[in-house]
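*Asks:* Once you've had a glance at the structure underneath, I'll fire off some questions.
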Amino acid sequence: QQQVKQSPQSLIVQKGGISIINCAYENTAFDYFPWYQQFPGKGPALLIAIRPDVSEKKEGRFTISFNKSAKQFSLHIMDSQPGDSATYFCAANAGGGNKLTFGTGTQLKVEL
Amino acid sequence: GAGVSQSPSNKVTEKGKDVELRCDPISGHTALYWYRQSLGQGLEFLIYFQGNSAPDKSGLPSDRFSAERTGGSVSTLTIQRTQQEDSAVYLCASNRQGAPYGYTFGSGTRLTVV
């Protein structure tokens, strides 16, 4: 059962553009939503995370937007750079539990 | 250690053989997780160890899969009688007790069953 749905599966953006990746969840008990970034041959690394008590969190060029009523959250990468080319995973966690549920991933390519 | 260490980084095995994958978590991290990453399938939870508690094995796909964690540190994931559908990257992660967030992942073991 896929509890976190992620789209698109792949994305090509021009340098300087905005990359947007979307996720939707079903479990209303989820209360922590991190995004992970994975480069080829490496494990995923925590990028940014949000809790449902805020609608937006920004760290540098990366922003999470959160819509609790729609049960959706998204990652925006502003001024996308070739070095941002990677696979991005959204995830969710419920009630302080230790197990993260991951989306299927988005392969981002930023072209010059 | 400075990070989560996994070995081997790559493993090619013949169908039907058993394999063991090793994970050495960050020192002091009491929680350890195994995930499987298949192409287009995201990260699939396999098993979770927390201190001396009974492991959460709810994600293991079949009884061919098992894992143990000795001394609260190193973990071994064993796949018996490997099948081609077991081919994937197996990722290990760890974090501190009481900090259920912010996993630190290893670089994974790429398993290919031929």
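*Asks:* Run the quick spin-label model on A:Gln9 and B:Arg81: label points 7 Å from Cα toward the beta carbon, then report their separation in nm to one decimal.
*Replies:* 3.2 nm
*Asks:* Given 10 Å bins starting at zero, what is the percent of C-alpha pairs of the protein assembly as shown in each, up to the one with the largest pair distance?
*Replies:* 8, 33, 35, 20, 5, 0
*Asks:* Which semi-axes, in whole Å and largest first, does the equivalent ellipsoid of region B:22-114 have when worked out from the alpha carbon gyration tensor as the square roots of 5 times its eigenvalues?
*Replies:* Computed over region B:22-114, the values are 22, 14, 11 Å.
*Asks:* Can you tell me the length gained on complete extension of the stretch A:Ala29 to A:Lys68, counting 0.36 nm per residue apart and subtracting the Cα distance?
*Replies:* 12.9 nm
*Asks:* Report D for region A:8-112 in µm² per second (integer): Stokes-Einstein, Kirkwood Rh on Cα pairs, 10 °C, 1.306 mPa s.
*Replies:* The diffusion coefficient I find is 114 µm²/s.
*Asks:* From the cross-link list A:Lys58/B:Lys11; A:Lys57/A:Lys99; A:Lys68/A:Lys99; A:Lys42/A:Lys99; A:Lys5/B:Lys17, which pairs have alpha carbons spaced over 28 Å apart?
*Replies:* A:Lys58/B:Lys11; A:Lys5/B:Lys17
Rule-based calculations on the coordinates, nothing more; no lab input. What you see is a predicted model, and the numbers here were worked out from it, not measured in a lab. Positions of Cβ are generated from backbone atoms using ideal geometry, with glycine treated the same way; all protein chains shown enter the neighbour counts.
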